[in-house]
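Below is one structure, written out as structure tokens; comments come after it.
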Amino acid sequence: MNQRTREAFTGYLFITPWIIGFLVFTAGAMVYSLVISFTNYSLATGAATPAGLDNYAELFQDPKVAMSLGNTLFYAVLAVPAEIIVALALALVLDRISRGAAFFRTVYYLPKMTPAVATASVFFLLLNGNTGGVNRFLETFGIRGPQWLVDPAWIKPSIVLMTLWTVGGTMVIFLAALKNVGVELYEVASIDGAGPIRKFFSITLPMISGAMFFNVIVLSIAAFQVFDQAYVLFWRDQTNSAPDASLFYAIYLFQQAFRQFDFGFAAAMAWLLFVIILVISLIQTKVGNRFVYYEGSR
């Protein structure tokens, strides 16, 4: 066995635990879910009978599937741009701070480390329409705050606000990208008379377009899987009395699997979500590659 073969063998030996975990808990689970999506499988009885395409046909007949998917899409359209803008703004501010930058990076990133359940519980109190801290703050300016958790028009924006609390991870990626932008580019632009706005759109954005592309894809995938925030705020009492505007796709999937015990239909829902995310990611990749600047490319 030569040196190159030994190195390859050692490498594969080190990643064997990951390979086993991936095959059993990821790839194996996906294949199993695909199989049971073609069956009427009930967790309550443990029985599984062939169903053919009935579960997939039911996806287009169940009005709650379309409603939950529409809520999820609406949330994604709101949340992803908002997270990108806020995270980039914070990164730009931190990039210009010379003293105390490490402290502020830590402060902004800490909410990302907070469990989603704890964050949702805090925002449940803050967004209370009558006694919540957000509306009381607005009252100091003479603004009457909405019923964040009751009014259907404000339910999804309230969840977006909660999501913005944890943009620290996205901010760190933007900040790392900003640190890699050459200072000489800004110096040359200043000599040519470019102002801050022109520098941002002509230098900063193109140079961090790779990080922007990555964050948009990751945040889009996360937005279509939103669950924790809405579940804790509206569905943790295990009733069906929550507003329809708070019924996201992942929540309805959870209800079908662990409340109705209809695992066959839930698996079909999961695969529909997988296809939707895959298609959106492919479209984003196709479109995004036209605007991403790769160093060394022409």
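Hey, could you check the range 75-94 for residues that are more than 15 Å from the chain's Cα centre (by Cα) and buried (at least 17 other Cβ atoms within 10 Å of the Cβ) and say which is farthest from S220 (Cα to Cα)?
Across the range 75-94, the extreme among qualifying residues is L94.
In the range 10-47, what count of residues is obtained for those that are surrounded by 11 or more Cβ atoms within 10 Å (Cβ to Cβ) and aromatic (F, W, Y)?
Total satisfying the criteria: 4.
What number of residues within the range 17-68 satisfy the criterion of being modelled with pLDDT of 90 or more, over 27 Å from A223 (Cβ atoms) and among the hydroxyl-bearing types (S, T, Y)?
1
Could you check V226 against (1) part of a loop (DSSP other than H, G, I, E, B); (2) free of Cβ contacts under 8 Å to residues at least 24 places away in the same chain; (3) touching a Phe, Trp or Tyr at 6+ places or on another chain (Cβ under 9 Å) and say which number it fails?
(2)
Restricting the search to the range 215-253, which residues are out of contact with any helix residue (DSSP H, G or I) (no Cβ under 7 Å at 6 or more places or on another chain) and closer than 19 Å to I277 by Cβ?
Matches in the range 215-253: V218, A222, A250.
Considering only the range 33-51, how many residues are farther than 24 Å from I277 by Cα and assigned to a loop (DSSP other than H, G, I, E, B)?
Residues that pass the stated criteria total 6.
Assuming W154 fulfils every condition listed in (1) in contact with a Phe, Trp or Tyr (Cβ under 8 Å, 6 or more places away or on another chain); (2) among the aromatic types (F, W, Y); (3) surrounded by fewer than 16 Cβ atoms within 10 Å (Cβ to Cβ) apart from one, which condition is it?
Only one criterion is unmet by W154, namely (3).
So M207 clears everything in (1) surrounded by 15 or more Cβ atoms within 10 Å (Cβ to Cβ); (2) over 29 Å from the mean Cα position of the chain (by Cα) except one condition, right? Which one?
Failing condition for M207: (2).
So, of the residues in the range 258-278 that are among the small types (G, A, S) and touching a residue at least 24 places away in the same chain (Cβ under 8 Å), which turns out to be surrounded by the fewest Cβ atoms within 10 Å (Cβ to Cβ)?
A270
Does at least one position in the range 107-125 carry a residue that is among the hydrophobic types (A, V, I, L, M, F, W, C), farther than 30 Å from M212 by Cα and either over 26 Å from the mean Cα position of the chain (by Cα) or part of a loop (DSSP other than H, G, I, E, B) (or both)?
no
The values are calculated or read from the model by the stated rules, or taken from the named source; none is laboratory data. Quick caveat: nothing in here was measured; it's all calculated off a predicted structure. Because the Cβ atoms are built from the backbone with ideal geometry, glycine has one as well, and the counts that use them run over all protein chains shown.
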